[in-house]
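What follows is a single structure, written as structure tokens, with notes after it.
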Amino acid sequence: MFAAMVLDPRLAFVFLCMLVVGAAVPLAIGWARVLPEDEPPFASPEGSSQGSRSEVSTEKTKTRKHNTFAIVLLAIVTFSYVLQFPGLRGDAALHWLAARMPETWLVWMLLAGRAFFVVTPGLAACYSVVQPNSLRGPLISSGILVLLLWLLQPMLFAAMTAW
């Protein structure tokens, strides 16, 4: 590969680390936005009545509306990131699947799964650009970075092992 001849292995390692950490940060931010907030540890004296707590919680739920499709896209992008995480070996799962289904089905299933998990982060980024939602920023940045991770990781691994 051309990247293996041109790119220094240390620089390829730095680029791979930047991609992995850079894709993880917006995913963590997105999941932090989805999960509900904790109550403050020390409630104020006027907020101790039951009626005011329920009013505050209903106001918060009204102002914080999530798009369920964006949450599903965030979950798929997260799973796509986990599948492409360096060092995660899927040999045991492939061996288990190969023992339970015909080889042609396994090949087509792996091809379709790979295509799905490569294309979906890009589609999530495009969806967030077009459709405004509460996860817009994290979906755009994580979708682009996970897509880059899928596309550039083989070249960076080849450059790291070329020496």
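Being assigned to a helix (DSSP H, G or I) and among the aromatic types (F, W, Y) is the filter; apply it to the stretch 130-163 and report the residue that is least open to solvent (accessible area, probe 1.4 Å).
Filtering the stretch 130-163 down to residues assigned to a helix (DSSP H, G or I) leaves 130, 136-160.
Still in the running and among the aromatic types (F, W, Y): 150, 157.
Working: W150: 30, F157: 78 Å².
Among residues in the stretch 130-163 that are assigned to a helix (DSSP H, G or I) and among the aromatic types (F, W, Y), the one least open to solvent (accessible area, probe 1.4 Å) is W150.
Of the residues that sit in the stretch 11-51 and are in contact with a Ser or Thr (Cβ under 8 Å, 6 or more places away or on another chain) and either at pLDDT below 90 or of a type in the set (D, E, K, R) (or both), which one is least open to solvent (accessible area, probe 1.4 Å)? Within the stretch 11-51, the match that is least open to solvent (accessible area, probe 1.4 Å) is R33. Inspection of the stretch 80-98 identifies at least one residue that is open to solvent by 60 Å² or more (accessible area, probe 1.4 Å), modelled with pLDDT of 90 or more and under 21 Å from the mean Cα position of the chain (by Cα).
The values are calculated or read from the model by the stated rules, or taken from the named source; none is laboratory data. Bear in mind the structure is a predicted one, so any value in this text is a computation, not a measurement. No Cβ is skipped: glycine too gets one built from the backbone with ideal geometry, and neighbour counts run over all protein chains shown. Just the protein is used for accessible areas: all its heavy atoms, side chains included, with ligands, DNA and RNA removed. Shrake-Rupley method; radii C 1.70, N 1.55, O 1.52, S 1.80 Å.
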